[in-house]
Every structure is written in structure tokens, then in C-alpha cells.
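Readers should treat all values here as calculations from the given coordinates under stated rules, not as data from a laboratory. The shown structure was predicted, so the numbers you read here are calculated from the model rather than taken from an experiment. Cβ placement follows ideal geometry from the backbone for every residue including glycine, while neighbour counts extend to all protein chains displayed.
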Amino acid sequence: MSIDKILKNIGDHNPCMTWRFGADPWALVYDGRVYLYMTGDLPEKDAEGNIITNTYSKIDTINVISSADLVNWTDHGFIKAAGANGEAKWGGNSWAPAAAYKKIDGKDKFFLYFANSGNGIAVLEADSPTGPFRDPIGKALISRDTPNCASVTWLFDPAVLTDSDGNSYLYVGGGVPSPDKASDPGTARMVKLGDDMISLDGDPQPIEGVKFLFEDSGINRIGDKYYYSYCSNFSMTEEDVKKLGFENGEIITMESDQPLGPFKFRKGVLKNPGAFFGMGGNNHHCMFEFNGKLYIAYHARILEEAMGMDGGYRSTNIDLMGLDADGGPAVTKGTRKGVEQVGRLDPYGKVCASTMGNASGIETVSFADRDGKAPEVTYGDMILAGIHNGSWTGVIGADFGSSVPKEIVYEVCGSGKGSVSVRLGAPEGKEVARVSVDSEGSDVKSFTASVDEGITGVQDIYFVFEGEGYNPVSWQFR
């Protein structure tokens, strides 16, 4: 049996997921996990079924994954954000999400902001970071009717900050009105949010001095300083680059003592993905703190390249950013290696099959999307699909400690037969167990196999599939 092509080299942690595209990342840290919200890039096809260049015009979903260790990601599916089947039915697209949470009336509430193409900002709310989300106002939070926003070329790319005093702020905008304004487009806006997070407390105001702005708002508080960040446009001359010290399509930082400025230019911190990976494009990022360290999430096209595509489809990477001598975001390089694992995965707890550090040849679906029914499953809402001979998944850094597992329990649903080969280190690694699967119907069924090797310590575990028709749900060593 041949094994499906590896799209992310063993040992590399970028991109975060290989089973679906996801662009314009925003990271929300909540309850010991990092939740990534991403524009739902979906390959477009022509009438003959050939992949065409991404037009972004069909995007109306937002992908959500989460991790406690930054290398194994649990798939939470996608939010139907815009369009006829979405929550914000008045909107056509859902681009560049930003998320925040706040305690309101004693309960944590979650808020998701996104762009309706380049013409306004929507807001959704939920009671958990993965939803279900709902549209609380039934219209745009910011539109071209909002004061000081009518002339913003691209009224999109929101960023949100909730400060230590409980006040929250939104930053939006981008685009170049005309070639003569490329060096100072004047299209960035900032505004305080209402206490309810779904209204504005005042009129949006221009962010002054944003040199060569293109798109991609970012906002962070680090210590007592506020850092506004953005992507530069592609109109810089060699003289501009030499004078300012940054390049076309680079992530730039500005600094202020107040959340609403004034901001002053600081420096570039992340060059265009093309500088690191060879395939360029737009540059979109967010910076986030997790376990005392500063990281940057950004998109690149390395998954698309590995798949043999060239259509502008993006996937999310994360690299350690750190702080410079001034205490602000440091200059960072994009890498395929990515970040070091934070903590370890517990193989003795029930693990969703949709928790993966690497994968090839699989898809994920929800129970409801699969067959119209959602069995009661409390440990995850996504299952694997598209299983075939040679498809596989893997998790990184599972810590068995000094205990030696005797067996593995593998849960599936769906109707199909086959087996799951459990291997160490790589999809082609040593087999330590083989679980036979014979499933029928939508109920979750458990299949058990003995573990042949004495596994201890920290291991990377891979699951190589044979057969078809069944849907892996979870696994657990014991």
C-alpha cells in the first residue's frame, strides 16, 4: 500500500493545518488554548473542474482550529458567517476575521468581527469560542454610512483589542485611493467599541502617519505600549525602501502610549512571505502572547505549493516573534520549522481524531453535515472523512511517561470496513498496533487492539488508514 504524499515535512510545524486552507489568521487565547480564526479559502474551479486563481468572491465561511501546544490542532470546522446560508445574511463575504471575548452579565461572551469584502465590518456573538455564532444586530457594525468611513478605499481587515480596564477598540481599513497617495493613503481607522462589543462608542477616526498602508490591521498591548501593525503596499521605490528601512508587502509596526494613538512609526518586523518561501502575495498577520511568549501568525502559500497548485490559496503559519531590546515586537523570519511544542499531548485521555499535527488525504466534517444527525459526542464535534488506502493523520509529542500502554481504543462511525495502522515517528514508521474496523450506521462504535511494543516517553503517533466509508471519531491508549 502506498502512503499519501507528505505535504508538510516530518518535524516541520508550518503550516498549522494541511487538510484545509485558511488565510488571514487571528489568534484568540482563551482558557489555556489558542483559537485560530481564518478566512475560508476554498479552491475555485472552472466549468471543466480545473482549479483557477482565487478571486476571494466566493468566501463566506471562517475556519476555526485550536491548540493547547501550538503544534497539534483540533479542527472545529467552519462558521457559516455570511451569505444566504450564513448568520450575516445581509453580507456577501467573510474575510479577515478578528475575535475577542469579554465578561458580560457575569458570563464570557465571544465576538467575531469580519469584513464583508471591502465594504464594511460585521460582528457575530456566541457563548463559546467555537460558536454557534449569531448576528446580534442584523446589519453592518461599520459601513460606508458610518461617519469618516465613506471614502475608505477598502473598509475591511478588522483588528480588536480589549484593554486591561475592560474598554475595547476596533481598527479597520486599507487601500490606496490613487497612485499619488501611495505613501500616505489615509485609509486606516480606529474607534472605541461600546461596552456590549456590538456597537460603537464614538465615530471612527483616522490613524495618522501610516506610511505606505496597504491592508491588514493588527493591534497589541505589550507592557504599557500599544502596537498598531499593518501590511505595506506595493508602490515603494528603491529610494523609499532605502529611506524607510522596510519593503513592499512587509508587516510594519507603529507605537503609542494610548490605544487610540497618536501612533508613531517604529519598524518592519516580517517581510513578505515570498522572501522566505519563494511564492509571494499579500501578507496578513496577527501577533499574540501565549504562555509568556510573543508569537506571530501569518499566511503563506507553502501548502498550495506542496499540492502542486498556483492559485493564490493561503494557509496559516506560526513563528516565535519575541521582543527586541526596546520591549516591542522583534524582527521575525518565516520558517517551515515553525514553533516549538508548548506542553505535551496526553495519549491516555480521549483525543479527537480531528486533532492533528500533520495529515494527508483526509477531510473533516461534522456529524450534522455528514448525515443530518448529530449523535451525542462530548469530546469534539468534527470527525474525519474521505478515508482511503494510504491516507493518514499524526499527532506530535504524545507523552506516555513511564507507563506502558497495553491497548488502544479507536472510535468510528459511518458504514465501512478497514483498519487503522498505529505507527511511531512517521507514516512509514514502525507499526505498534493495528485496529480492525467494521462499522455500520451513524452510531459511534469502539474497536480495540493490543499494543505490541513497549511504548514509553514522548512519541509522535501516526494513524495510517486502509479501507473506506468509516469516519474516525477519537482514540485513546490505555
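Our summary gives the chain a relative contact order of 14 percent, counting only alpha carbon pairs under 8 angstrom and 6 or more residues apart.
Rounded to the nearest 20 Debye, what is the dipole magnitude of the stretch 23-320 about its Cα centre when Lys and Arg each give +1 and Asp and Glu each give -1 at the C-beta?
Charge dipole of the stretch 23-320: 220 debye, to the nearest 20.
Exposed loop sites, defined as GluC sites (Glu not before Pro) outside DSSP H, G, I, E and B with at most 16 other Cβ atoms within 10 Å, are absent from the longest region of the chain, namely 49-207.
Across the alpha-carbon set of the chain, the Rg to Rh ratio works out to 0.98, Rh being the Kirkwood radius.
Remind me, relative contact order of the stretch 262-364 in percent, using alpha carbon pairs under 8 angstrom and six or more residues apart? Contact order relative to length: 20 percent. Roughly how many whole Å is it from the C-alpha centroid of the stretch 31-87 to that of the stretch 249-305? Cα centroid of the stretch 31-87 versus Cα centroid of the stretch 249-305: 20 Å apart. Mean separation of Cα pairs under 8 Å and 6 or more residues apart, divided by the residue count, gives the stretch 351-477 a relative contact order of 35 percent.
Straight-line cross-link partners of residue 58 among the lysines, defined as a Cα under 16 Å from its Cα and at least 8 positions apart when in the same chain: 45, 80, 89.
When we measure straight from the Cα of residue 211, which lysines land under 21 angstrom away, once same-chain ones fewer than 8 places off are left out? Correct list for residue 211: 181, 225, 242, 243, 264, 267, 271.
A straight Cα-to-Cα reach below 14 Å connects residue 417 with the aspartates and glutamates 438, 440, 466, 468, residues fewer than 8 places away in its own chain not being considered.
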